[in-house]
Amino acid sequence: MKFEVLTIFPEIIECYIKHGVLGKALNKGIVEVKVYNLRDFTSDKHKKVDDYPYGGGAGMVMQIEPFYNAIMHLKADEKPRKLVLLSPQGRKFTQKLAQKFMEESKAMVLICGRYEGIDERVKAFVDEEVSIGDYVLSGGELAALVIIDSVVRLIPGALGDELSAVEDSFMKGFLDYPHYTRPEDFKGMKVPEVLLSGDHKKIALWRKRQALKNTLKNRPDLLKNLSPEDMRILKELC
Ligand SMILES: NC(=O)c1ccno1
């Protein structure tokens with residue numbers, strides 16, 4: 001899978017992708033990330049990318065020309081790619097959308113705005129607008145990294161243990177179970193006995209109960225499509 005990121009701060013993206021799961025996936029050749037500086041697609045000597053907003057108002061707006069030139073440059077190879085603009089006005093990014101992007105898109109262009117926003121006409125050249133949450137960031141770069149990170153984790157072979165992604169929160173429609181590792185007793189804070197029992201059936205049931213308990217407490221909105229078995233366990237908790 002290939003990600004192409006349009007930004008005025010390439011170093012934000014380049015720094016993050018070197019580490020962890022993403023770094024390993026890049027080294028394995030499972031994913032490719034190319035970052036383009038929008039300033040390289042400007043036509044003035046000062047590499048200006050923004051201007052004052054028509055109609056007045058605070059702040060500056062990013063001009064359409066660098067985005068247009070960069071998108072046309074990418075499209076010159078005529079390969080299919082999904083163009084996604086990161087913005088607070090977009091549709092909500094979820095684990096389900098991450099799965100959809102991984103399954104359906106071989107290549108994605110992630111378009112990062114800055115300042116007060118970007119010229120509305122840029123949206124004529126994108127496939128969709130996506131928001132990672134109901135808050136405003138200083139730019140789209142963090143949102144682009146969230147999408148890259150969450151999608152790459154789902155690519156077969158990206159994680160050391162294929163099960164990790166499946167076990168992650170939200171993949172099953174509820175939050176993850178609690179995790180513990182050595183030491184068994186840390187200042188009197190003990191690992192739950194069941195996890196030391198070796199009884200995998202009991203451990204699985206305990207983990208499911210804990211996951212449902214956490215979800216009921218923190219994200220009851222996720223408890224929509226539980227299986228009859230999970231619903232039975234949930235009812236025992238109420
Ligand atoms: N909420 C967001 O996804 C976002 C992107 C850029 N600014 O905010």
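The values are calculated or read from the model by the stated rules, or taken from the named source; none is laboratory data. Owing to the predicted nature of the structure, the values given are computational and were not obtained by experimental measurement. Here the Cβ positions follow ideal geometry from the backbone for every residue, glycine too, while neighbour counts run over all protein chains shown. Protein only, heavy atoms only, side chains kept; ligands, DNA and RNA dropped before computing areas. Shrake-Rupley method; radii C 1.70, N 1.55, O 1.52, S 1.80 Å.
Some values worked out for this structure:
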| item | result |
| --- | --- |
| Residue identified as open to solvent by 20 Å² or more (accessible area, probe 1.4 Å) and either outside any loop (DSSP other than H, G, I, E, B) or on the phi > 0 side of the Ramachandran plot (or both) among VAL122, VAL151, VAL194 | VAL194 |
| Residue match in segment 89-97 (condition: open to solvent by 20 Å² or more (accessible area, probe 1.4 Å), over 17 Å from SER150 (Cβ atoms) and of a type outside the set (Phe, Trp, Tyr)) | yes |
| Flag if GLU78 is open to solvent by 50 Å² or more (accessible area, probe 1.4 Å) and either of a type in the set (S, T, N, Q) or farther than 20 Å from GLY140 by Cβ (or both) | yes |
| Complete set of residues in segment 109-136 that are of a type in the set (Gly, Ala, Ser) and without any contact (Cβ under 8 Å) to a residue 12 or more places away in the chain | ALA124 |
| Enumeration of residues in segment 72-81 that are over 19 Å from LEU38 (Cβ atoms) and within 25 Å of the chain's Cα centre (by Cα) | LYS79, PRO80 |
| Boolean, LYS106 is in contact (Cβ under 8 Å) with a residue 60 or more places away in the chain, over 20 Å from GLU129 (Cβ atoms), open to solvent by 70 Å² or more (accessible area, probe 1.4 Å) and away from the ligand (no atom under 16 Å from the Cβ) | yes |
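Residues are listed down the side, and each one gets a yes or a no for (1) more than 13 Å from the ligand (Cβ to nearest atom); (2) over 22 Å from GLN95 (Cβ atoms); (3) in contact with a strand residue (DSSP E or B) (Cβ under 6 Å, 6 or more places away or on another chain):
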residue	(1), (2), (3)
GLU120	yes, yes, no
TYR135	no, no, no
ALA144	no, no, yes
ASP149	yes, no, no
